[in-house]
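The values are calculated or read from the model by the stated rules, or taken from the named source; none is laboratory data. Just so it is clear, the structure is predicted and the values come from calculations on it, not from any experiment. All Cβ positions, even for glycine, are placed from backbone atoms using ideal geometry, and neighbour counts span all protein chains on display.
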Amino acid sequence: MSLSGRHILLGITGSIAAYKAAVLCRLLKGAGADVRVVMTPLAKQFITPLTMATLSKHPILVEFFNPENGEWNSHVSLGEWADCMLIAPATANTLAKMAHGIADNLLLTTYLSARCPVAVAPAMDLDMYAHTATQTNLQTLRERGVAIVEPAEGELASGLMGKGRMAEPAEILSFVEDLLSEKKKSLQGKRMIVTAGATIEAIDPVRFISNHSTGKMGYALADALARRGAEVTLISGRTTLPTPPSVRRIDVTSALQMYETALREFDAADGAVMCAAVADYTPEEVSPIKLKKGEGDMVIRLKRTHDIAAELGARKGARMLVGFALETDHEEAHAEEKLARKNFDFIVLNSLRDAGAGFGVDTNKVTLIDRNGRQELPLLSKRETAERIVDKIETILK
Ligand code: C5P
């Protein structure tokens, strides 16, 4: 049984979809899990504690303490007990409170103290789901490592059609199985470096040369590697993203700093993923004071920076090296040339000509190219793209 001996803390919030939590509980039990249920006060209006207690074979937890005898329901020990906290259905209200650290019921205090993986299955009306506030909250939770079981499109309780229907219990079960499966720890013991974000080359104390990279792809990769158990060092240029859980992050500014850090860290690593957008040129001289404007034009002389990827490629030995190529023309030819010249094991090609790929967006459309051929991936979230790239990394590291 896939969840044999695993402790699942099932959180239920006040949504019509709470009726599906009964089936979900049975499926989790059927897969071998021990299930305890924590409900928000409003959830009791949608499904009775008696139903959930009977199915889970444990008393239901709703209040901080039992009003009859004062017995305390410890959110800390619940969080410690759980191998996974699954909130299904998760309302817009609960998701908002989770994103902002509000702790006004037992389900939320338990979430805040849980150290285990947390998954949520949103359920709400299409407009609530599409609202910027909800999407921003979901993004915040995603960036903090909460796994999200995407809602489906279909008929909603309001009678409207659209996205917001909670995923079916069978789908949520397989999501949780995946989350807890050994696959997630398949890179245990491997040390990986990821470079990400944009470098900054100072012209003077005020101005600099940089690029549009936001670091999203590199951060998603660092996160995906860490979730599978790798020890990840993220060498990061400029970005506004939070550090993924369990990742060691070293902030750098210039291409030279990134070069020195990457070279030092590569010694003890099993591999590196070069995702950063590194400046190829830097001002020959950096003015220590702010440059004043004059009447005429100005010329800034630039000199080449180190090609970090190529330097690591030259000394990589048995280590693994993955590169990226962002191209605007003759994409495959350029990528193949870089694959060979920088001695990558494979290269991830994205073209700025593809809709949904490129700077700042949450999706990407890439082709993985190695010496044996190419694998074109569809348009996917950067998170899903990272999973596919890490699948390939895994086959090489094994
Ligand atoms: O040559 P190009 O910049 O297109 O190569 C892209 C690949 O090389 C990426 O993996 C990028 O992170 C890496 N790179 C690097 N150092 C540079 C330039 C690019 O590591 N100075």
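Selection of region 153-202 for residues being more than 16 Å from the ligand (Cβ to nearest atom), aliphatic (A, V, I, L, M) and within 27 Å of ARG264 (Cβ to Cβ) yields LEU187, ALA202. Restricted to region 271-280, and to residues there that are within 12 Å of the ligand (Cβ to nearest atom) and not aliphatic (A, V, I, L, M), the residue that is farthest from ILE193 (Cα to Cα) is ASP280. Considering THR233, THR261, the condition of being in a strand (DSSP E or B), closer than 24 Å to LYS342 by Cα and of a type outside the set (A, V, I, L, M) is satisfied by THR233 alone.
Within region 246-270, restricting attention to residues that are under 20 Å from the mean Cα position of the chain (by Cα) and closer than 19 Å to ILE389 by Cβ, which residue is nearest to the ligand (Cβ to nearest atom)? Per the criteria, the residue is VAL247. Scanning region 61-91 for residues that are in contact (Cβ under 8 Å) with a residue 12 or more places away in the chain and surrounded by fewer than 21 Cβ atoms within 10 Å (Cβ to Cβ) yields VAL62, GLU63, PHE64, ASN73, VAL76, GLY79, GLU80, TRP81, ASP83.
Within 26 Å of ALA88 (Cβ to Cβ) and surrounded by fewer than 24 Cβ atoms within 10 Å (Cβ to Cβ), is that true of PHE175? When the stated conditions are applied, PHE175 passes them.
Residues in region 260-276 that are surrounded by fewer than 23 Cβ atoms within 10 Å (Cβ to Cβ) and in contact (Cβ under 8 Å) with a residue 60 or more places away in the chain: GLU265, PHE266, ALA268, ALA269, ASP270. Taking region 144-163 as the range and being among the hydrophobic types (A, V, I, L, M, F, W, C) and without any contact (Cβ under 8 Å) to a residue 40 or more places away in the chain as the test, the residues that pass are ALA147, ILE148, ALA152, LEU156, LEU160, MET161. State whether the residues of region 207-219 include one that is part of a helix (DSSP H, G or I), farther than 26 Å from ALA357 by Cβ and not aliphatic (A, V, I, L, M). Taking every residue of region 207-219 in turn, none turns out to be part of a helix (DSSP H, G or I), farther than 26 Å from ALA357 by Cβ and not aliphatic (A, V, I, L, M). Taking the stated definitions as given, is ILE200 surrounded by fewer than 22 Cβ atoms within 10 Å (Cβ to Cβ) and under 30 Å from ALA255 (Cβ atoms)? Taking the combined requirement at face value, the residue satisfies it. Just one residue in the set ASN350, ASN372 is farther than 21 Å from THR214 by Cβ and of a type in the set (S, T, N, Q); that residue is ASN372.
VAL299: under 30 Å from LYS398 (Cα atoms), free of Cβ contacts under 8 Å to residues at least 24 places away in the same chain and out of contact with any Gly (no Cβ under 7 Å at 6 or more places or on another chain), yes or no? In short, no. If the condition is being polar (S, T, N, Q) and more than 9 Å from the ligand (Cβ to nearest atom), then region 302-329 contributes only THR328.
Here are some residues: ASP223, ASP251. Which one is in the same structural domain as LYS190 (by TED's automatic domain parsing) and crowded, with 24+ Cβ neighbours inside 10 Å?
After ruling out the rest, the residue left standing is ASP223.
In region 323-398, counting only strands (runs of 3 or more DSSP E) that sit wholly within it, the ones holding 3 or more residues that are surrounded by 13 or more Cβ atoms within 10 Å (Cβ to Cβ) and more than 18 Å from the chain's Cα centre (by Cα) span 346-351, 366-370.
Could you tell me whether region 380-392 includes any residue that is within 15 Å of the ligand (Cβ to nearest atom), at pLDDT below 95 and at positive phi? No: zero hits.
Just so you know, in region 281-301 the residues that are outside any loop (DSSP other than H, G, I, E, B) and either β-branched (Val, Ile, Thr) or within 13 Å of the ligand (Cβ to nearest atom) (or both) include one that is farthest from ILE200 (Cα to Cα), and it is TYR281.
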